[in-house]
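First comes the structure, then the notes that go with it.
The values are calculated or read from the model by the stated rules, or taken from the named source; none is laboratory data. Only a predicted model underlies this, so the values are computations on that prediction, with no experimental measurement involved. FYI the Cβ positions are ideal-geometry reconstructions off the backbone, even for glycines, and counts take in every protein chain you see. Ligands, DNA and RNA are excluded from the accessible area calculation, which covers all protein heavy atoms including side chains. Shrake-Rupley method; radii C 1.70, N 1.55, O 1.52, S 1.80 Å.
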Amino acid sequence: HSTDGGADGQSETCIMVATEGQWHILVKAYTAIAGVEVKASYSTGTANVLANGTPITGHTAPAGSEWLYAIDVPADSANLKVTLTGGAGDADLYVRYGSAPTFTENDCYSIQGGSDGQTETCIVTATEGRWYILVNAYTDIENVTLTANYVPFAATLLANGQSVGGLTAAQADE
């Protein structure tokens, strides 16, 4: 849903991963309106489905704007890491398996807030299937980047008392 209104000529946009079927649009006038235009459009294929590790750049919008994405995680993946980085403003991140997340119904959320460019990160144990990602502009945002990636599971079997050396990782990696 979108609730950005208030100023004359203010545009409101909802973007989501759509499922097949008939959709209904409700326009609620909180004040008197005239000459309002409603436009619905869709694209077929994988327009909002993310590719593993491919960043989506340039999220720029007023506070209250939302984007919904999905990523398909294959079997035998160890985890799913979703990050929002860079840019200006405060964007929040919500992740959920099997259906679109909300602010209250999600498997992971990151709402760190604060300064420009604050990184938001969700890391979840990756279940095979479709995961949904909601990006919410808590304040006006500019040039925020979304990246989602899963890691193929590659466990090392340890024998009792055996050590493994040479491990390296970036901060927050698992």
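Some values worked out for this structure:
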{"read-out": "Residue that is least open to solvent (accessible area, probe 1.4 Å), among those in segment 110-153 that are within 14 Å of residue 68 (Cα to Cα) and among the aromatic types (Phe, Trp, Tyr)", "value": "131"}
{"read-out": "Extreme residue, modelled with the lowest pLDDT, among residues of segment 33-78 that are of a type in the set (Gly, Ala, Ser) and under 27 Å from residue 152 (Cβ atoms)", "value": "45"}
{"read-out": "Members of segment 71-90 that are free of Cβ contacts under 8 Å to residues at least 60 places away in the same chain and outside any strand (DSSP E or B)", "value": "75, 86, 87, 89, 90"}
{"read-out": "Criterion (of a type in the set (A, V, I, L, M) and either farther than 17 Å from residue 50 by Cβ or not in a strand (DSSP E or B) (or both)) met by exactly one of 93, 158, 134, 68", "value": "158"}
{"read-out": "Flag if residue 54 is in contact with an Asp or Glu (Cβ under 6 Å, 6 or more places away or on another chain) and open to solvent by 60 Å² or more (accessible area, probe 1.4 Å)", "value": "no"}
{"read-out": "Residue 69 hydroxyl-bearing (Ser, Thr, Tyr), within 17 Å of residue 119 (Cα to Cα) and open to solvent by less than 40 Å² (accessible area, probe 1.4 Å)", "value": "no"}
{"read-out": "Residues of segment 82-91 that turn out to be within 11 Å of the chain's Cα centre (by Cα) and surrounded by 20 or more Cβ atoms within 10 Å (Cβ to Cβ), as a count", "value": "3"}
{"read-out": "Count - residues of segment 98-109 that are under 23 Å from residue 171 (Cβ atoms) and open to solvent by 70 Å² or more (accessible area, probe 1.4 Å)", "value": "2"}
